[in-house]
Each structure stands twice: as C-alpha cells, then as structure tokens.
1. Looking at (1) assigned by TED's automatic domain parsing to the domain that holds Phe244; (2) outside any helix (DSSP H, G or I), which one does Ala105 not meet, given that it meets all the others?
2. Answer yes or no as to whether Met24 is open to solvent by 40 Å² or more (accessible area, probe 1.4 Å), among the aliphatic types (A, V, I, L, M) and part of a strand (DSSP E or B).
3. I'd like to verify a number: residues in the range 214-244 that are over 20 Å from Leu107 (Cβ atoms) and either open to solvent by less than 40 Å² (accessible area, probe 1.4 Å) or under 16 Å from the mean Cα position of the chain (by Cα) (or both), how many?
4. Checking the conditions here, which among Ser170, Ser203 is polar (S, T, N, Q) and closer than 13 Å to Ile139 by Cα?
5. What are the pairs, 6+ residues apart or on separate chains, where a residue within the range 66-87 that is over 29 Å from Ile127 (Cβ atoms) and in contact (Cβ under 8 Å) with a residue 40 or more places away in the chain has its Cβ under 6 Å from a residue that is part of a strand (DSSP E or B) and not hydrophobic (A, V, I, L, M, F, W, C)?
6. From the list Lys240, Lys254, Lys220, which residue is closer than 16 Å to Ala133 by Cα and away from the ligand (no atom under 16 Å from the Cβ)?
7. Would you be able to tell me the number of residues in the range 29-44 that are in contact with a helix residue (DSSP H, G or I) (Cβ under 9 Å, 6 or more places away or on another chain) and either of a type in the set (A, V, I, L, M, F, W, C) or open to solvent by 20 Å² or more (accessible area, probe 1.4 Å) (or both)?
8. Find the residue count for the range 1-21, including only residues that are of a type in the set (Gly, Ala, Ser) and open to solvent by less than 10 Å² (accessible area, probe 1.4 Å).
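The values are calculated or read from the model by the stated rules, or taken from the named source; none is laboratory data. All figures in this text were calculated on a predicted structure; none of them were measured in a lab. Neighbour counts run over all protein chains shown; Cβ positions are idealised from the backbone, glycine included. Only protein heavy atoms, including side chains, enter the accessible area calculation; ligands, DNA and RNA are left aside. Shrake-Rupley method; radii C 1.70, N 1.55, O 1.52, S 1.80 Å.
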Amino acid sequence: MVNTKSKPFHGILIYRKNYRENDMLVKFFTAEAGKKMFFVRGANRPKFKMISDILPFSYGTYEGELRGNGLSYIDSGGSVKHFDQISEDIYLNGYATYLMGLIDAALPDNVPNKIWFDKLFYALNLINNGFDAEIITNIFEIQLLPLFGVAPDFKNCTVCHEEHQIYDYSEKFGGLIGEQEFAHDSHRMHLDQRTIYYLRLFSAVDITKINNIKVNRVTKQKLRQVIDKIYDNSVGLNLKSKKFLDQMNSWKIKLN
Ligand SMILES: [Zn+2]
C-alpha cells in the first residue's frame, strides 16, 4: 500500500526514545518542516527494516508523512548516512548530543528553520571531521542566545552602542560594556580581553564557512565559565546532556 501523503524530506535525527513495548519516537530536524516527532511502529522488533536509518547520529533523505501537528510517520529511508566518528567516540558523542539538545530547546517544533538546519548539519560535520568540538559548541551556545530571549550585544557596548577599546561582560546590562561603563556595574565579570575577543568572534562567525580556529586551553576554560554563567543566570536551561558533558570533562581533567 502506498501512502499518498508520503513525501521526501531531509532530516537529521536529534532524539530517540523507546515507546511502548516495540515502538519508538524519533525526532528529526527536517530541512523542509523544522523539528518533527515521528512515531515508528515496530522499531524495537528484531528485523525491523529501517533499523539503520534511525540509529543515533543518522542523517539523510527519508520519505514520510509530515503532519502539521501530532506525530508524523516515516515510510522509508532513502540515502541515509551516519556521523561515524561521532558515534564511535563518547566524547564527540557528548558534544553532538548537547548541540542537538540545545537546538531542540531553542527552536519550536513544526516551524521550518533552514538557517539552523544548515548550521546544525555543518556543526555535526565539522565535529565528525575532527574540528574542535568545544569551539563548535561555544559558537552554537553564543549564537543561540537570542533564540532564548537573551541577546547579549557582542558587537558594541550595550550601554552606549559605541565601539570601545576595552570591554567586559555585564549580566546587569545583558551584554558587553565598554570601560567607560565599568563604574555602572560593580559585578561585571572581569574578563580578560582575549576571552572577550573570542566571545565577539564566536557571535559573528559563519559556521558554514569556518575552516580553522585555535583557542588555548586557559582561554577555553574562561569561555566555558562565562558561557555557563550566562546560561545558568539568564537562560536557565537544565539539559541532561550538558550535565553529562560537564561530568565527562571533569573525569578528563582528573585523568590527565
Ligand atoms: Zn559604552
């Protein structure tokens, strides 16, 4: 039987969850229709025909019925690939899972967003090809802030909108402030100018055109701290994948 409502779509699998005894719910970020949850009947039965099409870190072309609301259906996988390096490396796996969790939290379901579809696709490709996952993650975190309703101004001064030589980050003003403004916020973050430089760079960089960014270990830690502070205090997300990532990094520090 041919499902006449079935159409081809491009998707990146961002979430899987077992459902009832044999079924699964999988969420795809589709290029055509934004994020959508699919009901996959029999996904946990042995010999399920689409088993490799819905593995974690799958992407490609699929056919299915994309519904406006409620659950959508997949009929078949077309040209489906996997981010193999990410699947095989628990560390890369952790970063990629967190990026997909951020996208899921930041964007509404069922609303097409080709810009962020492309960004996620490039980001996962970069991580899969050995580009520094921490940097890609920082870029995502900073560029997603406006979608969480937090729009720090990383271009100019949040107070006077002018260009300054020296900046700091102010949670009070929700962005960078120039040194002339330092007196207005005694709780400013006291960031060094190298960290500021990367915050500004990461807010502006086009992830689909990126080729090489290197950041030293100390600056990476400072970026992690300031972004965590912004997310904890202004965004208030509580993703399991982020907790896992933090734990993984603390084990790594202990092992080194
Ligand atoms: Zn200013």
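1. Exception for Ala105: condition (2).
2. Spelling it out, it is not the case that Met24 is open to solvent by 40 Å² or more (accessible area, probe 1.4 Å), among the aliphatic types (A, V, I, L, M) and part of a strand (DSSP E or B).
3. The number of residues fulfilling the criteria is 9.
4. After applying the criteria, what remains is Ser203.
5. From residues that are over 29 Å from Ile127 (Cβ atoms) and in contact (Cβ under 8 Å) with a residue 40 or more places away in the chain, the pairs are Tyr73/Gly64; Tyr73/Glu65; Asp75/Glu63; Asp75/Gly64.
6. Answer to the selection: Lys220.
7. So the count comes out to 6.
8. Count: 1.
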